[in-house]
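Each value in this text was obtained by applying a stated rule to the coordinates, not by laboratory testing. Not measured: the values here are computed from a predicted model. Here the Cβ positions follow ideal geometry from the backbone for every residue, glycine too, while neighbour counts run over all protein chains shown.
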Amino acid sequence: MFPTIQVGPLNLQAPGFIIIIALWVGLNLAEKFAKRRSYPTDKLYNLVFISLLTGILGARLFFILGNLNSFTGNINNIFSLNPGLLDPFGGLVAAMLAAVIYGQRNKLHFWETLDVLTPLFAVMMIGIGLSHLASGNAFGTVTSMPWGVNLWGAKRHPSQVYEMIASFVTLTLIWHDLSKVKFPGLVFLKFSMITLIWIILIEGFRGDGQAVLAGIRSGQIGAFVILAIVFFTHEKRLSKGETIGKGDVKNG
Amino acid sequence: MNRDFRIFFYVAILTLSLIWIYFSRIPVEATSESGKMAPHTGFLAPEISLLDTHGNEIKLTELRGRPVIVNFWATWCPPCRAEMPAMQRVEMDYADEEVIILAVNSTNQDSLPAVTQFIDEFGISFPVVLDTQGIAANTYQVSSLPTTFFIERDGMISDVVIGGPMAEALLKSRIDRMLKRTP
């Protein structure tokens, strides 16, 4: 666990710093992949930048709306740099809305765009695992396995390391597909399938899970439902590709 | 891969997932349910037993039943100084709700005269305890000042904020959340 990193006189928050590095690395990989697929890189950068900016603004707005009393008499706190004054769900909704609106206005192909962004998503997943390791969040259940780590007063599964390894394996598995794409959407859907299977598996080793009923973890149930939807979408895309030919799918 | 094989693959993965979801249900000893103490969200707050600036002993466990904000700080730390006025205002605003702010001074890296001067300068009315040996900071694995722990009425840590200065709105939102959870 290393929640802060000392760089000279600066004491950086390690989890946030790791996420920024992962974003930068992922965006560079996505740019390389976009060039290979003749996707406009300027639009890719604009899409990511606009989504991020809108996401941050949306996260703050949602937080303010949900905690109006906290800002009474502290109007200037609206502009505070505290990351604790952000609502992650609100940020995600705002970022996705901004991405869809930007994509539609610039006539970006939906599946092609998701494919191009997949290297970014894959690197971000590695970054999230590493940031969990830094903060000590997403810690594992108690174990007697020899590779267990001492954390929060017990020997636990190194679930954050599992996360990182799984995300790295996912990136390696999809890397091969990046160079030989049959038709748009398959890279993203394959990434989603592998990632969701990892989530269902690794969530089972986490000690901080939230139960929905009788100890069943909400994270696993959510991932299971999304996995079923991804399987369905994958099958539909493949069936469409097999029926009407690759070129038609790519354009539609 | 033909369609039939794909369908079989999807069904097999979903079935295996369901089996794993059932067998990996949350064990009772996973977090604080077994009463484990650790300086992290979801665990019971470890004990702090220190003397305040008047020589009175203050024990964290004796404050159970009231929401407590434990703030590790030092006089030489600029973000600590910056967030103190907000903490003082919050202490006054939430006096009726019995919210306690416990400021743990890292006295092993500070000096007592500087602490008393600081208390007078900022008009601090909440208890300030002196961590002269650095034991509390060590127990709470404090790696950076300020570090703030939000502890619920039942002694459970609900949030940890590393670094600062914390905005007043952040303090109030966390306190409101604690008050809503355990009325």
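Based on the alpha-carbon gyration tensor of the stretch B:55-141 and its eigenvalue square roots a ≥ b ≥ c, which shape applies: rounded if a/c is under 1.5, prolate if not and a/b is larger than b/c, or oblate?
On the way: a/c = 1.76, a/b = 1.16, b/c = 1.52.
Judged from the Cα gyration tensor, the stretch B:55-141 comes out oblate (a/c at least 1.5, b/c at or above a/b).
Residues A:ASP87, A:ASP115 in ascending order of nearby Cβ atoms (within 10 Å, fewest first): A:ASP87, A:ASP115.
Counting, for every residue in A:222-234, the Cβ atoms of other protein chains within 10 Å of its Cβ and taking the mean gives 2. Along the charge dipole of the protein assembly as shown, pointing to its positive end and built from +1/-1 on Cβ of Lys, Arg, Asp and Glu, which listed residue (A:MET124, A:TRP198, B:LEU14) has its Cα farthest out? Looking along the dipole axis, the top candidate is B:LEU14.
Across peptide B:168-179, the mean count of Cβ atoms from other chains lying within 10 Å of each residue's own Cβ comes to 6.
Exposure proxy shown here: for B:ILE48, B:ILE69, the number of other Cβ atoms within 10 Å sets the order, fewest to most, as B:ILE48, B:ILE69.
Only Cα pairs under 8 Å and at least 6 apart count here; give the relative contact order of the stretch B:32-178 as a rounded whole percent.
Numbers: 271 pairs, mean separation 48.7, N = 147.
The value is 33 percent.
Charges at C-beta only: +1 for Lys and Arg, -1 for Asp and Glu. How large is the resulting dipole of the protein assembly as shown about its Cα centre, in Debye rounded to 20?
On the way: 35 positive and 34 negative charges, 496 e Å.
With only Lys, Arg, Asp and Glu charged at Cβ, the dipole is about 2380 debye.
For the protein assembly as shown, the calculated P(r) over all alpha carbon pairs, in 20 Å bins from 0 to the bin holding the longest distance, is 22, 51, 24, 4, 0 percent. Scalar couplings 3J(HN,Hα) for the stretch A:126-135, obtained by applying the Karplus form with A = 6.51, B = -1.76, C = 1.60 to θ = phi - 60°, are 5, x, 5, x, 5, 5, 5, 5, 5, 8 Hz; x denotes Gly and Pro.
Using Cα pairs closer than 8 Å and at least 6 residues apart in sequence, work out the relative contact order for chain A, in percent. Walk me through the intermediate numbers first.
Working: 316 pairs, mean separation 47.3, N = 252.
Normalised by residue count, the contact order of chain A is 19 percent.
Anisotropy class assigned to the stretch A:145-207 is prolate, per the alpha carbon gyration tensor with a/c at or over the 1.5 cut-off and a/b larger than b/c. Taking the average, over residues, of other Cβ atoms within 10 Å as the packing measure, peptides B:159-168, B:73-82, A:9-18 rank B:159-168, B:73-82, A:9-18 from highest down. Taking every residue in A:209-220 and counting other chain Cβ atoms within 10 Å of its Cβ, the average works out to 3.
Once C-alpha pairs closer than 8 Å and six or more residues apart are averaged by separation and normalised to the residue number of the stretch B:15-103, the relative contact order reads 19 percent.
Shape descriptor for the stretch B:32-178: Rg over Rh equals 0.92 (Cα atoms; Rh from the Kirkwood inverse mean 1/r). Within straight-line reach of B:LYS172, meaning a Cα separation under 20 Å, sit the following lysines at least 8 residues removed in sequence or on another chain: B:LYS180.
Return B:LYS180, A:LYS236 ranked ascending by Cβ neighbour count within 10 Å, so the fewest neighbours appear first. Walk me through the numbers on the way to the answer.
Numbers: B:LYS180 8, A:LYS236 12.
So the residues, fewest neighbours to most, are B:LYS180, A:LYS236.
Peptide packing: for B:135-148, A:54-67, the average count of neighbouring Cβ atoms within 10 Å per residue gives the ranking B:135-148, A:54-67, highest mean first.
If you take the C-alpha gyration tensor of the stretch A:1-121, multiply each eigenvalue by 5 and take the square root, what semi-axes do you get, largest first, in whole Å?
Output for the stretch A:1-121: semi-axes of 30, 22, 10 Å.
Evaluated on chain A, the Kirkwood hydrodynamic radius is 20.2 Å, with distances taken between all distinct Cα atoms.
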